[in-house]
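Structure, as structure tokens:
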Amino acid sequence: MVHWVESVNEKVAKSFVGRHFHLEGSGVKNERKGSKFLTEMRAGVTTFSAMVYIISVNAIILSATGGNCVCNGGADDPICLANEEYALCKDEIRRDLITATAAVSCLSSFLMGLFANLPVTLAPGMGLNAYFAFSVVGFNGTGQIPYGKALAAVFLEGWLFMILSILGIRQWLARTIPRSLTLATGAGIGLFIAFIGLLPAGGIGVIGGDYSNLVGLGGCTDENQDPEHAYFCLTGVLRRPTIWIGIFLGGFLTVLLMMYRIRGAILCGILLVSIISWPRSTAVTYFPYTPAGDANFDFFRKVVTFRPIQRTLNAIDYDYKDGQIWVALITFLYVDIMDTTGTLYSMARFAGVMNEKTADFENSTIAYCIDAFSISIGALLGTSPVTAFIESATGISEGGKTGLTAMASGVCFFISIFFAPIFASIPAWATGGALVISGSLMIRNVVDINWKYLGDAVPAFLTLIVIPFSFNIAYGLIAGIFAMIILKGIPWGLNKISGGRIQPPNYEDREDWGFPSGGLAPMWAKKLAKGDKKFWEADEDSVDLPRHHQEEGESPSFDEKREKHSGTGTPPHLVHEAPPEHEAAHTNPHSAAHSPV
């Protein structure tokens, strides 16, 4: 068996596949040390198992908007909480989004591996999907703009990112944001998606409405709900049985599996709760004997089938006259710039493909362009922005070093398209625990915020709390940036005017804020200007990480990376720490995610 494995790895390495992906033994320059074909395949499957939950979670979150369904509830039911026709339409949207999420994840991951040769998998990002669903479109379409216009903002974002990436502006902008603010944004998004995981509309249902405090405990049975206000309990909180299986099996059991480093722990928790919820005769069934329950059960019984996208395909409304579209677009741009840029930097370093001289990674411009292209394609399919996932760290820990890892994950996503009935039958209380766990991993960024200097700490704190309290990422960013301009700008001006005599006592503890070194032009443009005919190829002096980190699946600590990169031009807030495989539960410890800022 061992001989067969070695034989396959050797033959592939010497083929055009090995030369294209720089496998060890291929004979090309810049071989990826330790890269083997079958190891790459295993790493790709591992990454897929760590992030496959996004298929059902993303569909559940986005379908809460109602998509392009039309609500005809009338004055008695203005947002269609009890409208069977609208509920059936939302189920159709969710099934479309199952296919759309799997399809765009397949395409984007495959392209990232094939052209950028990076072991990084892409999918619709956590955090951004929550902002899209609950802040922009709103629950059952009660938000700022309709579903079609929100997709128009995402579609335009992708093409703007393409231009910014080619010109190098995207990478440059990511390095200008103060580190504490970016960390607070990621942590605030973590609180945001954890809050959603506790709500009835997208999660377990522990939280409900409260007449005095706006938010309180929920989870009462249908007969104890206020008929005029969604999810407000008149009496008897925490009485709904689905809450408890979501808490103990989808939550605590999943965390225990992660503590013991069981691969695919989040997926195991989601599937366990789902399987318990599938029998129709129980109190926790996902298929009650109602028209919507009957329709869902009929689709579930198909098990394996191809579900074409019917309602969300090209549902974009290209009306860019609405000012709210531009507000959403700016927020998507900001969060996504930090999200994908931070993830790609951290995963490239974790995989050992960073270039120490240029403080950049191989094929960075190609990777950013693929991400931008995937965002627009995702909008055409009806989903929120696509981004790189921190779960890629699990595959890298398994030995993934080349684009073959991402391509293998893409093939797995393609196969999952044909299991849409299974993914469409996963209830919200099965995925709510995953959202809370993801949020808990994302909020750990707060330990790296500069709390010593109030000029950095207060803007970061405002960003952190306003995002979940306002249910809107954009408002958190506005609060943080506004506070930062005042609290960093005024001391800076007084310091300049007084010649350094008027300044806060601990002014030296502040984080520097200014334009980054290294210039604006991307690496390909600098090489082209020097007359390099192969300006699109990676430099030959890329270096690997220390071997003990790669072999044990561990990344250097943040302090080690910051010390190692002082003076190299790498922005400290982009030198993220890749989590151990059992902690790579969301998108990114700094995201949307998802996310990652």
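Can you tell me which residues in region 429-462 are open to solvent by less than 20 Å² (accessible area, probe 1.4 Å), under 29 Å from MET258 (Cα atoms) and assigned to a helix (DSSP H, G or I)? So that I can check it myself, show each step before the final result.
The first filter runs over region 429-462 and keeps only residues open to solvent by less than 20 Å² (accessible area, probe 1.4 Å), leaving 430-435, 437-439, 442, 445, 449-450, 453, 455-457, 459-460.
With under 29 Å from MET258 (Cα atoms) added as a condition, the list becomes 430-435, 437-439, 442, 445, 449.
The answer is ALA430, THR431, GLY432, GLY433, ALA434, LEU435, ILE437, SER438, GLY439, MET442, ASN445.
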Of all residues in region 463-478 being in contact with a helix residue (DSSP H, G or I) (Cβ under 6 Å, 6 or more places away or on another chain) and at pLDDT 90 or above, the one that is most open to solvent (accessible area, probe 1.4 Å):
VAL466
Given the criteria modelled with pLDDT of 90 or more and assigned to a loop (DSSP other than H, G, I, E, B), does THR405 qualify?
no
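Only one of these is in contact with an Asp or Glu (Cβ under 8 Å, 6 or more places away or on another chain) and under 20 Å from ASP317 (Cα atoms): LEU156, LEU160, LEU128. Name it. Explain how you work it out, then say what you get.
Numbers: LEU156 fails: in contact with an Asp or Glu (Cβ under 8 Å, 6 or more places away or on another chain); LEU160 fails: in contact with an Asp or Glu (Cβ under 8 Å, 6 or more places away or on another chain).
The match here is LEU128.
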Flagged in region 392-402 as part of a helix (DSSP H, G or I), among the hydroxyl-bearing types (Ser, Thr, Tyr) and either in contact with a Cys (Cβ under 9 Å, 6 or more places away or on another chain) or open to solvent by less than 10 Å² (accessible area, probe 1.4 Å) (or both), in numbering order, are SER392, THR394
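Within region 253-280, can you find the residues that are within 22 Å of GLY203 (Cα to Cα) and not aliphatic (A, V, I, L, M)?
To start, the set of residues in region 253-280 that are within 22 Å of GLY203 (Cα to Cα) comprises 253-258, 264-280.
Answer for region 253-280, where residues must be within 22 Å of GLY203 (Cα to Cα) and not aliphatic (A, V, I, L, M): THR254, GLY264, CYS268, GLY269, SER274, SER277, TRP278, PRO279, ARG280.
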Taking region 54-99 and the residues there that are open to solvent by 10 Å² or more (accessible area, probe 1.4 Å) and among the aliphatic types (A, V, I, L, M), the one that is farthest from CYS268 (Cα to Cα) would be ALA75
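When you go through LYS29, LYS33, LYS11 one by one, which is the residue that is farther than 27 Å from VAL104 by Cα, of a type in the set (Lys, Arg), part of a helix (DSSP H, G or I) and open to solvent by 70 Å² or more (accessible area, probe 1.4 Å)? Walk me through how you get there before you give the answer.
On the way: LYS29 fails: part of a helix (DSSP H, G or I); LYS33 fails: part of a helix (DSSP H, G or I).
The conditions single out LYS11.
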Filtering region 197-245 down to residues that are in contact with a Cys (Cβ under 6 Å, 6 or more places away or on another chain) and small (Gly, Ala, Ser) yields GLY208, GLY218, GLY236
Looking at this structure, is VAL120 at pLDDT below 95, β-branched (Val, Ile, Thr), surrounded by 24 or more Cβ atoms within 10 Å (Cβ to Cβ) and not in a loop (DSSP other than H, G, I, E, B)?
no
Long-range neighbours under 6 Å by Cβ, at least six apart or interchain, first residue at negative phi within region 5-22, second surrounded by 15 or more Cβ atoms within 10 Å (Cβ to Cβ) and charged (D, E, K, R)
ASN9/LYS36
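Would you list the helices (runs of 4 or more DSSP H) that sit entirely within region 273-391 and hold 2 or more residues that are within 21 Å of LEU97 (Cα to Cα) and open to solvent by 10 Å² or more (accessible area, probe 1.4 Å)? Walk me through it before giving the result.
Details: elements: 291-300, 323-351, 364-381.
Per the criteria, 291-300, 364-381.
Helices (runs of 4 or more DSSP H) wholly in region 128-247 with at least 2 residues that are open to solvent by less than 40 Å² (accessible area, probe 1.4 Å), of a type in the set (Phe, Trp, Tyr) and at pLDDT 80 or above - which ones?
Numbers: elements: 147-167, 169-174, 179-198, 241-247.
Of the helices (runs of 4 or more DSSP H) lying wholly inside region 128-247, those with at least 2 residues that are open to solvent by less than 40 Å² (accessible area, probe 1.4 Å), of a type in the set (Phe, Trp, Tyr) and at pLDDT 80 or above span 147-167.
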Could you figure out which of (1) modelled with pLDDT under 90; (2) within 28 Å of the chain's Cα centre (by Cα) isn't true of PRO291?
(2)
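The values are calculated or read from the model by the stated rules, or taken from the named source; none is laboratory data. Remember, predicted model here, so these are calculated numbers, not experimental data. Cβ coordinates were reconstructed from backbone atoms using ideal geometry, including for glycine residues, and neighbour counts include every protein chain displayed. The accessibility values were calculated without ligands, DNA or RNA, using every heavy atom of the protein model including side chains. Shrake-Rupley method; radii C 1.70, N 1.55, O 1.52, S 1.80 Å.
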